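Trainee: Pasting a structure below so you can have a look.
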Amino acid sequence: MNTEKRLTTTELVDEIRSSLTVANGWIPALSGPGGPTGVLEDAPLSEIARSLGEFASTPTMPSAVAQQLRRAAESAAAATSADSATVYGHLGAAYAYVLQAHRAASGDTTN
């Protein structure tokens, strides 16, 4: 029996946002001081989607990471205009892509 708790929509947004925050997000840290600055801790989903796309386009971003961030940006952007029945799926996909980007950044090739 699977006893893992499914993340809520709010928790998915919070998890994605935390990887992008100016103060301690791993994505801004990976892009270096010349990269985008990230988002604030209360950034709305539209800002999160925009920031993911911005980081995906950063020249210093490793290509495997950039590819996953681009997909995350597309999914997050789709969630901003999705109806309530599909928003969770878009956010779940965006979160999964962010996790894959993190694995790519750390050199973890296992699933």
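The values are calculated or read from the model by the stated rules, or taken from the named source; none is laboratory data. Nothing here was measured: the structure is a model prediction, and the numbers come from that model. Cβ atoms come from the backbone with ideal geometry, glycine included; neighbour counts cover every protein chain shown.
Trainee: Farther than 19 Å from Ala105 by Cα and not basic (Lys, Arg): which single residue out of Ala72, Ala64, Ala77 fits that description?
Mentor: Within the list Ala72, Ala64, Ala77, the selection yields Ala77.
Trainee: Please go through the range 15-30 and give me each residue that is assigned to a helix (DSSP H, G or I), surrounded by fewer than 21 Cβ atoms within 10 Å (Cβ to Cβ) and of a type outside the set (S, T, N, Q), ordered by number.
Mentor: Selection gives Glu15, Trp26, Ala29, Leu30.
This table checks each residue for (1) within 15 Å of Phe55 (Cβ to Cβ); (2) of a type outside the set (Val, Ile, Thr).
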{"site": "Ser81", "(1), (2)": "no, yes"}
{"site": "Gly92", "(1), (2)": "no, yes"}
{"site": "Val98", "(1), (2)": "yes, no"}
{"site": "His102", "(1), (2)": "yes, yes"}
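Trainee: Same structure, new question: Here are some residues: Ala73, Ala64, Ala96, Ala78. Which one is modelled with pLDDT of 95 or more, within 21 Å of Thr9 (Cα to Cα) and more than 11 Å from the chain's Cα centre (by Cα)?
Mentor: Every option except Ala78 fails the conditions.
Trainee: Only one of these is in a loop (DSSP other than H, G, I, E, B), among the charged types (D, E, K, R) and surrounded by fewer than 19 Cβ atoms within 10 Å (Cβ to Cβ): Glu74, Glu47, Glu41. Name it.
Mentor: Only one candidate passes the filter, namely Glu41.
Trainee: Considering every residue within the range 80-87, establish whether at least one is exposed (fewer than 15 other Cβ atoms within 10 Å of the Cβ) and touching a residue at least 12 places away in the same chain (Cβ under 8 Å).
Mentor: Within the range 80-87 (the criterion being exposed (fewer than 15 other Cβ atoms within 10 Å of the Cβ) and touching a residue at least 12 places away in the same chain (Cβ under 8 Å)), the answer is no, since none of the residues qualifies.
Trainee: So, in the range 46-61, how many residues would count as being among the β-branched types (Val, Ile, Thr) and under 14 Å from the mean Cα position of the chain (by Cα)?
Mentor: 1
Trainee: Do you know which of the residues in the range 51-65 that are touching a residue at least 24 places away in the same chain (Cβ under 8 Å) and not in a loop (DSSP other than H, G, I, E, B) is surrounded by the fewest Cβ atoms within 10 Å (Cβ to Cβ)?
Mentor: Among them, the one singled out is Ala64.
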